[in-house]
Amino acid sequence: MFDLTGRIALVTGAGQHVGRAIAEALAAQGAAVAVNDVVAERAREVADAIVKAGGRALAAPGDVTDLAAMTALVAEVDAGLGPVDVLVSNAGNSGATRAIPTPFAEMDPRDWKKYVDINFYAVLNGIHAVLPGMRARRHGRIITIASDAGRQGLAMGMSIYSGGKAAAMGFQRSLACEVGPDQITVNTVSLGMIPGDWDLGPPKGVPLGRHGVPKDVGPAVVYFASDEACWVTGQILSVNGGVYRNV
Ligand SMILES: NC(=O)c1ccc[n+]([C@@H]2O[C@H](COP(=O)([O-])OP(=O)(O)OC[C@H]3O[C@@H](n4cnc5c(N)ncnc54)[C@H](O)[C@@H]3O)[C@@H](O)[C@H]2O)c1
């Protein structure tokens, strides 16, 4: 079950943390993985690690907020690995590592764009770049990594981030209807807290009693990427230890 042999996946922002774990999980199920990151060295390191572990991977550095760069990148992946079957738009930025979170009222309006670009426009760019090929082949898996901050809201300093993630989720609900007839599915994995190099303190209010780790995310993405998930589209799955519970 969930055998991805022969599938080509492109994972954005896969140079570290959650994106890296997603790339490695897809590769472990047999997919060939294009590892994107704006930091080229990170992309190369992860692609090398996948190849060393016996998988198939290609470093695909580039800035996903740039539509032209993203379109060129998808063409490079096509030439290097094959046409993209699975797009995972993981690159994102919450600003969570800022030492002092900035409330919306005090944010410089010029900083709004940065968070909307990476959390929303980057998703549009990736999808726009892969859709023509997926449509022609009448197969595709579009998966976006969002945040429960966009579903239930979050603490001070996260309002623009939450808005960007919520926009991506709303967009995908409608896109699922548009591209369903082409047998392309569109789903979202919405995350709870998965600390990186910042301290979140004890996991208060997490029913499962701990913060997440990157490896918690891969299996949900593998499922949405699989042939077995062929009748599942327009859905949002929270992977969050139970903090936000769907109605
Ligand atoms: N970690 C969490 O607690 C958490 C919670 C909810 C949602 N998320 C979401 O999960 C995703 C991954 O989060 P993470 O914690 O692993 O982030 P991270 O900051 O650790 O890693 C993000 C990666 O994306 C790359 N990146 C940034 N801008 C890019 C660009 N323009 N083009 C290409 N690559 C770019 C970075 O270089 C980095 O390697 C994000 O979308 C984030 O919003 C994370």
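Here are the numbers for this structure:
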item	result
Highest-first arrangement of 112-122, 183-193, where packing means the average Cβ count within 10 Å	183-193, 112-122
The chain: angle of helix 122-137 to the longest principal axis, Cα-based, in degrees nearest 10	20 degrees
Stokes-Einstein D (µm²/s) once Rh is taken as the Kirkwood radius of region 152-191 over alpha-carbon pairs, at 25 °C in 0.890 mPa s	215 µm²/s
Length-normalised contact order of the chain in % [C-alpha pairs under 8 Å, at least 6 apart]	20 percent
Förster radius 41 Å - calculated FRET efficiency between E178 and D199 (Cβ-Cβ, nearest 0.05)	0.45
Cα-based Lys pair tally, the chain, threshold under 25 Å, eight or more apart or on separate chains	6
For L208, net neighbour charge (Lys/Arg +1, Asp/Glu -1) across residues whose Cβ lies under 13 Å away	+2
Largest-first principal axis extents of the Cα set of region 154-247 (Å)	46, 29, 27
Summed residue charge, Cβ within 9 Å of I50's Cβ, Lys/Arg positive, Asp/Glu negative	0
On Cα atoms only, tilt of 67-80 relative to the major axis of the chain in degrees	40 degrees
Cα-centred dipole magnitude for the chain, charges only on beta-carbon of K, R (+1) and D, E (-1), debye, nearest 20	440 debye
25 °C / 0.890 mPa s Stokes-Einstein diffusion coefficient of the chain, Kirkwood radius on C-alpha pairs, µm²/s	136 µm²/s
With Cα atoms, 0 to 90° folded angle of helix 159-179 axis to the chain main axis	30 degrees
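Every read-out reported here was derived from the displayed coordinates using simple, explicitly stated rules and does not represent laboratory data. Owing to the predicted nature of the structure, the values given are computational and were not obtained by experimental measurement. Positions of Cβ are backbone-derived with ideal geometry, glycine not excepted, and every protein chain shown enters the neighbour counts.
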